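Coordinate-derived values only; no laboratory data. Predicted model only: the values in this text are computed from it and were never measured. Because the Cβ atoms are built from the backbone with ideal geometry, glycine has one as well, and the counts that use them run over all protein chains shown.
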């Protein structure tokens, strides 16, 4: 089976010479939900930007069998949906509907298909009622859901979320967790929110110094306090892994083309 | 973080019979009123009267209250009229009266009349458009009328991020105030200057992040064209009524002048 993501020896230096990725190797199977953990500066966001071709370093990187390179960027961006940390960066059109339609229109789809995808994506995140509202009129949690809809409308095989629970109140966080648990996509969750990773992901990798420092079942990784501490990670005080519901199996086969 | 409380003007709450019209018809009709008014010289002043009557009719049809129109025109019209009020005293030309050491010139009076009438008509037309049409609808109308995409995109960004910027300024001011900053102190100018600089840098950073988010969704430097829908009978009728009321008035007033 073709891996959803295959990175081998991925290296990247920032223009000032600082190494961000230092020979990163990672293979993610289709349908896997992987938490990407690590301290600040570990290379998590840099890796995320590579997956979409926004940064390009040395080494091999394939998404669903397609190499990430200059000539394949349009195909890659249709395959990988990035949900950025701040929804205000992602939602830039005057209305929610226009914003969700932005990606499908860039894919040169017909207007009927664009409308169908917008409708399906907003339904999937339960934001259809806000289609004609401006993003600034939404709450933070609603904006996050719409940001997810903007990438779902492109029907990507891989969804990458950067700190999806940042700045959310408990209720919005709970709703987001339920929503993400329902999406049947290969998912990379870049986060410091370890309880969220425990709830959503079967597998976790810890990045450190631009390479994979640990890779294994999410609960085993999170239960290893020494491993976490050595990478500046820790579970919240009083948090009991045993009481957290495990990552759900995919409940909804959400396809923008085919419905649920 | 924000709780979804935008600080831009609320969506139109009036509109009456105009609310259901296609935004393109309203844009064409009301911009048309402004263009006709601007094209008329002082000698063709009946054109301005015709424009004012059309705007009054539109306001009645839209159920727009005079107080609301005045409130929305307040940030624009008074400053323009204030500046124009000095024209009779400062502009050259034949003196027609004197106010102590100052002389009132005929050319200055002409400037005052023209600027006053045209600015008032243009502002009221814009206010009526804003009262009956949301900003996204206006942008969509301009887009469908094949206005340059770059311009409509810039306007869309301004609309989208104005609220975010205002919120950012409010948070920064709150943080400064909470630490005892008083804008009236002698150091205020320097501090406010830094605030503007920080705001600029943050906006620059946000711009880069937004562009990255656009690229990640397939943006390749050009926005795809969107199919253009047809105007309905009511839309065409609105434009036709405005044109029939103003074009003859402009032509006849021009001939009489």
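Would you please classify the overall shape of region B:147-216 from the alpha carbon gyration tensor, given that a ≥ b ≥ c denote the square roots of the eigenvalues, rounded means a/c under 1.5, and beyond that prolate means a/b larger than b/c while oblate covers the rest? Cα axes put region B:147-216 in the prolate bin.
Computed over the Cα atoms of the protein assembly as shown, the ratio of the radius of gyration to the Kirkwood radius (Rg/Rh) comes to 1.08.
Just B:176, B:158, B:145 to compare: in a GNM of chain B, with alpha carbon springs under 10 Å, which one fluctuates most? Result: B:176 has the largest fluctuation of those listed. Kirkwood radius for region A:92-209, taken over all pairs of different Cα atoms as the inverse mean of 1/r, rounds to 14.9 Å. Relative to its residue count, chain A spans a Cα convex hull of 130 Å³ per residue. Counting Cβ atoms of other protein chains within 10 Å of each Cβ in A:121-133 and taking the mean gives 1. With neighbours defined as other Cβ atoms within 10 Å of a residue's Cβ, the residues A:191, B:164 order from fewest to most as B:164, A:191.
Applying 1/(1 + (r/R0)^6) with R0 = 30 Å to the Cβ-Cβ distance of residue B:158 and residue B:181 gives a FRET efficiency near 0.60. Among B:120-126, A:231-237, the peptide with the highest mean count of other Cβ atoms within 10 Å heads the list, and the full ranking is B:120-126, A:231-237. Choose one answer from B:64, B:174, B:234: the residue with the largest mean-square fluctuation in a GNM of chain B with alpha-carbon springs under 10 Å. Highest fluctuation among the options: B:174. Annotation for residue A:139 and residue B:196: the two label points, set 7 Å from Cα along the Cα-Cβ direction, are 3.8 nm apart.
Estimated purely from DSSP H runs of n ≥ 4, each contributing -39500 (n - 2.57), the mean residue ellipticity at 222 nm for the protein assembly as shown is -16000 deg cm²/dmol once divided by its residues. Using every pair of distinct Cα positions in chain B, the Kirkwood expression returns a hydrodynamic radius of 22.0 angstrom.
Peptide A:48-55: average number of partner chain Cβ atoms within 10 Å per residue? Per-residue shielding by partner chains comes out at 2. Neighbour counts of C-beta atoms inside 10 Å place A:47, B:187 in the sequence B:187, A:47, starting with the fewest. Under the criterion of Cα pairs below 8 Å and six or more residues apart, the relative contact order for chain A equals 24 percent. Extents of region A:106-173, taken as max minus min of Cα coordinates on every principal axis and listed largest first, are 38, 27, 17 Å. Across peptide B:203-216, the average count of Cβ atoms from other chains found within 10 Å of a residue's Cβ is 6.
Normalising the average separation of contacting C-alpha pairs (under 8 angstrom, six or more residues apart) by the number of residues puts the relative contact order of chain B at 34 percent.
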